[in-house]
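What follows is a single structure, written as structure tokens, with notes after it.
Where a number appears in this text, it was derived from the coordinates with a stated rule and is not lab data. Since the structure is predicted, the reported quantities are computational estimates derived from the model, not experimental observations. Counting neighbours? That spans all protein chains shown, and the Cβs are built from the backbone with ideal geometry, glycine included.
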């Protein structure tokens with residue numbers, strides 16, 4: 001009996017280690033992000049549409065709708081660069097006037113990829129199921145404190 005318990009513990013630890021195994025920083029390891037996702041955040045409806053990987057990148061559009069009107073848009077990309085990945089984005093008002101200057105992007109360098117997570121510095125994608133994911137974004141508030149905003153998306 002004692003050996004069976006030890007064996008079960010070893011198998012459980014091994015299983016957890018496999019689930020957290022780091023994957024190569026390649027687009028195909030985060031291709032599960034692709035799709036048309038909808039959710040709620042910032043008091044409104046959100047839409048995020050990610051393309052399949054092609055030509056060394058994935059791209060997305062984001063839209064926040066409050067009270068039947070667009071509050072803002074984003075264009076996002078994940079691209080392979082120098083043997084790693086980077087997520088870059090730009091924000092736009094509802095009339096497509098940019099928030100960032102012409103050549104400026106908001107950049108999120110890759111930290112780690114596992115089977116069900118893609119962790120960038122300041123943004124994490126977590127696969128819940130084939131049709132659900134969470135995106136956690138670090139946002140600095142007016143006091144300079146970092147708050148984590150959770151976007152729960154469904155296809």
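Sorting the segments 117-123, 62-68 by their residues' average number of neighbouring beta-carbon atoms within 10 angstrom, most packed first, yields 117-123, 62-68. Using 0.36 nm per residue and subtracting the Cα-Cα separation, the extra length available between residue 65 and residue 116 on full extension is 15.5 nm. Pairing the Cα long axis of helix 2-19 with the longest principal axis of the chain, what angle in degrees results, from 0 to 90 and rounded to the nearest 10? For helix 2-19, the angle is close to 20 degrees.
For Kirkwood radius over Cα pairs in Å, pick the label among (i) 15.7; (ii) 16.2; (iii) 17.2 that corresponds to the value derived from the coordinates. Given (i) 15.7; (ii) 16.2; (iii) 17.2, the structure-derived one carries the label (iii). Result for the chain in a Gaussian network model with C-alpha springs under 10 Å: among 139, 75, 113, the largest mean-square fluctuation is at 139. Largest mean-square fluctuation among 124, 101, 114, in a Gaussian network model of the chain whose springs join Cα atoms under 10 Å apart, belongs to 101.
Projected label points at residue 99 and residue 38, each 7 Å from Cα along the beta carbon direction, are separated by 2.4 nanometres. Restricting to DSSP H runs of at least four residues, report the calculated mean residue ellipticity at 222 nm for the chain, -39500 (n - 2.57) per run over all residues, nearest 500 deg cm²/dmol. Mean residue ellipticity at 222 nm (helix-derived): -4000 deg cm²/dmol.
Between 112, 135, 70, the GNM of the chain built on Cα springs shorter than 10 angstrom shows 70 fluctuating the most.
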